[in-house]
Amino acid sequence: MKLRTMLTAATAALALAAGAAAAETVKIGIAAEPYPPFAAPDSAGNWSGWEVEIAKAICEAQDMTCEITPTGWDGIIPSLMGEQIDVIMASMSITEERAKKIDFTDHYYKTPAVIVTSNGSGIEPTPEGLSGKIIGVQASTTHQTYAQKHFEDVAAEIRIYQTQDEANQDLYSGRVDAVQADSIAMADFVASDIGACCEIVGAVADDVAILGQGIGAGVRKGDDALREQLNAGIAAILENGTHDEITQKYFATTIYSK
Amino acid sequence: MEQALELLSLSPPGWGANLLRGLVASIQIALGAFGFGLIIGFFGAMGKLYGSPWVRDLLEVYTTVVRAVPELVLILILYYVGTDIINNIAGAMGRGPVEISGIAAGIWVLGIVQGAYSTEILRGAIKAVPPGQIEAARAFGMPRGLLARRVTIPAMTAFAIPGLANLWLIATKDTALLAVVGFSELTLETRQAAQSTRAYFTFFLAAGFLYLMVTLLSGVVFGRIEKWARRGQPSHRGTP
Amino acid sequence: MGAARPTIASGYAMIRAMMIPRRLIMLGLFAAFVIWCAATLDWSWIPAYAPLALSGLWVTIWLLVVSLVLGFALAVPLGLAQAIGPWYLAAPARAFCTVIRGTPLLLQIWLLYFGLGSLFPQFPWIRESELWPYLRQAWPYAILSLTLSYAGYEGEVMRGAFASVQKGQIEAARAFGMPRFTMFRRIWLPQAIRQALPTLGGETILQLKATPLVATITIVELYAVAARVRQDTFIIYEPLLLLALGYMLIAGVITLGFRWIERRGPRM
């Protein structure tokens, strides 16, 4: 990362007009992979879902012009730092590790992490229950970090997938015994037709250091004006009921807790 | 089968249009990268043949590195380096971050990779031109630009075509690697369609069919071009 | 590899070729770049990931060697069928090579892994079968796709190699009443391999460059380790640079190895 800061420093020194005008449109980066019900494309290529609507509502509340920009999840933080996008709103948990690189807004949702297995597997969401099993997780997620810390020693294998959907697919095909992921995303999966194979067996024990303090929007370090603007937007939609309204469209229960 | 056709239909809820859109993006990137690579390759070949020892050594490093490192790794490095450089230039000029389209970025990264192979192919092709032809033109006092345009390039084209045809196919297939970086092209569109509908098998087969069609059509087109490029050559020479 | 220079015949000559002032300056600049990288970039992650990187390197080499051996074993009949086989063998062999060479490897890998995987639940007996423990792993799909890909490309090379073996030699062998299989084993195959040898080094490096693609189906090889470092620590350039260097070293070893084999091989 130092290389990048040095490049920036070098060119910044050269720059005569250092005060780069802020981009007029705020580019909100979402993961370019379907992650229903939070974000998914239709066949016309338009992205919709709970998180997309929340993003638009925040922008509207703050009179910002926003553009939803799908970006590979794998490189979403580098994309933010490389200024291809200005905000990350991709169901990203606020963790200490990430907070070293980017700043987070207040959280706009918070849900537990769960273990999903095939129906009647009898697997418990504990290290004992998962001993000798193959566990699938998505790369670069808190679930990967959690599984590697708590299950690595007991599990037969922790298999890391590029997208959540590929992990789900392998749970369906039977190539993994269990998947650890977000409870809401998994509730949506088990309700789908191929998800009928599987059930949520319960939440994993909490580990705040890893699982984080909920889902927040990520901005570049030092981009405080934008962060404050987003915080105000999040507060506003929580206040005026827009958050609840959008949530009711997608979920039976609330997914926000302080 | 009926279900598969429904999924592939061109109008929503079918995903056929997405695949075609991805195919168009893939072909655009491949064409751009191939062209960009040819430009690099032309200057690279000239540099390798007629350049100073410094130029030759540097080009040797370029072609060796590109041909030894996996395309996927090169794509990632070039992507991050490229966006960093552009943003830094834009920053230095006092402008905000520049939006780099996936297609432009794809052309840039694949073009650099293609350039290394183009350099080798064109170098070989130029060397295959009988030196007498170039010497004769020189003896008549033909200027260098005219010599390149009227003698070297037309004469080497026939030798370069088979290698370039192969390189074009590599370009079309390498666009698939951009899916790993998250660029929207045929393979990524296919993956999104497959994940959204869970019909992995159907969509990957369909995309494979599209790629195969591009390959086969390209074969026909390049066959024609080669025939055209060889016009006027004595027929007993055959393929080099 | 077109970069292979016949003039550089030994390590000694290679060192001498570097002893030109211009190259010494370039080497100096390169060394300065390496030192600058070592001194200013962030390498603090290396100790934590070194064991994983070593196992990744092992997986890469293992995938490469196994797929090369199996792929070549498949390429010989594919080439033979196309060169001299009857049409009912030549046509499918040709179709196979065309399909493999006409579609991206990444797509082939995904079709085999995710495409086949999505069909499993429709056939419950698969899970009862003895193959199931293997089908659950990712490596059989990686080996299968890499092997088929190599066989497709090398099959085409072998076709040319078999076709180029001179007729006179075959006729001479036949005149001596050599049995067909012996003729194949003693004359045809060695000559074809000899013909294909100069391209084998290049094809092997191409295959090495194909291995990172299986990282997308959860195989933890060299590239996947670098990707893991990038994802865990958000350090971009350092793991990628080291990864590129690693692949260049492996490619270098392959090139030298093939040059050595070529020099030792019987002259024609």
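The values are calculated or read from the model by the stated rules, or taken from the named source; none is laboratory data. Keep in mind that what you see is a predicted model, and the values were worked out from it rather than measured. For neighbour counting, all protein chains shown are included, and Cβ atoms are generated from backbone atoms with ideal geometry for every residue, glycine included.
Summary of computed values
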| item | result |
| --- | --- |
| Residue count, the stretch A:38-62 (criterion: over 14 Å from A:Thr242 (Cα atoms), over 12 Å from the mean Cα position of the chain (by Cα) and either touching a residue at least 24 places away in the same chain (Cβ under 8 Å) or not assigned by TED's automatic domain parsing to the domain that holds A:Ser79 (or both)) | 2 |
| Which listed residue, of C:Leu208, C:Leu197, is of a type in the set (A, V, I, L, M) and in contact with a Leu (Cβ under 8 Å, 6 or more places away or on another chain) | C:Leu208 |
| Matching helices (runs of 4 or more DSSP H) fully within the stretch C:131-246 where at least 2 residues are closer than 30 Å to B:Gly82 by Cα | C:189-210, C:222-233 |
| Near pairs, Cβ below 7 angstrom, 6+ apart or cross-chain, from the stretch B:193-204 (facing another protein chain (nearest Cβ under 7 Å) and over 15 Å from A:Ala167 (Cα atoms)) to any residue that is aromatic (Phe, Trp, Tyr) and buried (at least 24 other Cβ atoms within 10 Å of the Cβ) | B:Phe204/C:Trp110 |
| Answer residue from the stretch A:135-157, given it is within 10 Å of chain C (Cβ to nearest Cβ) and buried (at least 20 other Cβ atoms within 10 Å of the Cβ) and is nearest to C:Leu119 (Cα to Cα) among those | A:Gly136 |
| One residue from B:Thr190, B:Thr215, B:Thr152 being more than 8 Å from every other protein chain (Cβ to nearest Cβ), assigned to a helix (DSSP H, G or I) and among the hydroxyl-bearing types (Ser, Thr, Tyr) | B:Thr152 |
| Single match in A:Gly129, A:Gly120 (criterion: over 29 Å from A:Leu80 (Cα atoms), at pLDDT below 90 and more than 13 Å from every other protein chain (Cβ to nearest Cβ)) | A:Gly120 |
| Test result for C:Arg159, modelled with pLDDT under 90, over 15 Å from the mean Cα position of the chain (by Cα) and among the charged types (D, E, K, R) | no |
| From the options A:Asp86, A:Asp106, residue that is touching a helix residue (DSSP H, G or I) at 6+ places or on another chain (Cβ under 6 Å), touching a residue at least 24 places away in the same chain (Cβ under 8 Å) and not assigned by TED's automatic domain parsing to the domain that holds A:Ala205 | A:Asp106 |
| Residue list for the stretch C:250-261, restricted to those being closer than 11 Å to B:Val69 by Cα and more than 9 Å from chain B (Cβ to nearest Cβ) | none |
| Lone qualifier among C:Ala142, C:Ala244 - being surrounded by fewer than 24 Cβ atoms within 10 Å (Cβ to Cβ) and either at pLDDT 85 or above or more than 11 Å from chain B (Cβ to nearest Cβ) (or both) | C:Ala244 |
| Unmet requirement for C:Thr233, which otherwise passes all of (1) touching a residue at least 40 places away in the same chain (Cβ under 8 Å); (2) over 30 Å from C:Trp36 (Cα atoms); (3) more than 14 Å from chain B (Cβ to nearest Cβ) | (2) |
| Qualifying residue in the stretch B:70-84 (condition: closer than 30 Å to B:Gly145 by Cα and of a type outside the set (A, V, I, L, M, F, W, C)) | no |
| Test set (1) under 30 Å from C:Ser118 (Cβ atoms); (2) touching a residue at least 40 places away in the same chain (Cβ under 8 Å); (3) surrounded by fewer than 20 Cβ atoms within 10 Å (Cβ to Cβ); (4) in contact with a helix residue (DSSP H, G or I) (Cβ under 7 Å, 6 or more places away or on another chain) - A:Val204 fails condition number | (3) |
| Any hit, the stretch B:126-142, residues being surrounded by 21 or more Cβ atoms within 10 Å (Cβ to Cβ) and in contact (Cβ under 8 Å) with a residue 60 or more places away in the chain | yes |
| Residues satisfying the stated conditions in the stretch B:166-185, i.e. within 14 Å of chain A (Cβ to nearest Cβ) and at pLDDT 85 or above | B:Leu177, B:Leu178, B:Ala179, B:Glu185 |
| B:Gly163, sole failed condition from (1) assigned to a helix (DSSP H, G or I); (2) within 12 Å of chain A (Cβ to nearest Cβ); (3) of a type in the set (Gly, Ala, Ser) | (2) |
| Helices (runs of 4 or more DSSP H) wholly inside the stretch B:1-116 containing at least 2 residues that are of a type outside the set (S, T, N, Q) and at the interface with another protein chain (Cβ under 9 Å from one of its Cβ atoms) | B:16-50, B:53-68, B:71-92 |
| Lone qualifier among B:Ala92, B:Ala45 - being touching a helix residue (DSSP H, G or I) at 6+ places or on another chain (Cβ under 6 Å), in contact (Cβ under 8 Å) with a residue 24 or more places away in the chain and more than 25 Å from C:Thr216 (Cα to Cα) | B:Ala45 |
| Residue selected from the stretch A:76-111 under the condition within 13 Å of the chain's Cα centre (by Cα) and more than 19 Å from A:Ser183 (Cα to Cα), by the criterion surrounded by the most Cβ atoms within 10 Å (Cβ to Cβ) | A:Val87 |
| Any hit, the stretch C:21-40, residues being within 27 Å of C:Arg263 (Cβ to Cβ) and at pLDDT below 90 | yes |
| Positions within the stretch C:44-83 being closer than 15 Å to C:Ala196 by Cα, more than 16 Å from the chain's Cα centre (by Cα) and not aliphatic (A, V, I, L, M), in sequence order | C:Pro77, C:Gly79 |
| Which listed residue is of a type in the set (A, V, I, L, M), farther than 27 Å from A:Gln164 by Cα and in the same structural domain as C:Ala83 (by TED's automatic domain parsing), from C:Ala192, C:Ala224, C:Ala210, C:Ala142 | C:Ala192 |
| Test: residue in the stretch C:249-258 that is free of Cβ contacts under 8 Å to residues at least 12 places away in the same chain, on the phi < 0 side of the Ramachandran plot and touching a Lys or Arg at 6+ places or on another chain (Cβ under 9 Å) | no |
| Residue match in the stretch C:161-170 (condition: over 28 Å from A:Ile76 (Cα atoms), touching a Gly at 6+ places or on another chain (Cβ under 6 Å) and assigned by TED's automatic domain parsing to the domain that holds C:Pro140) | yes |
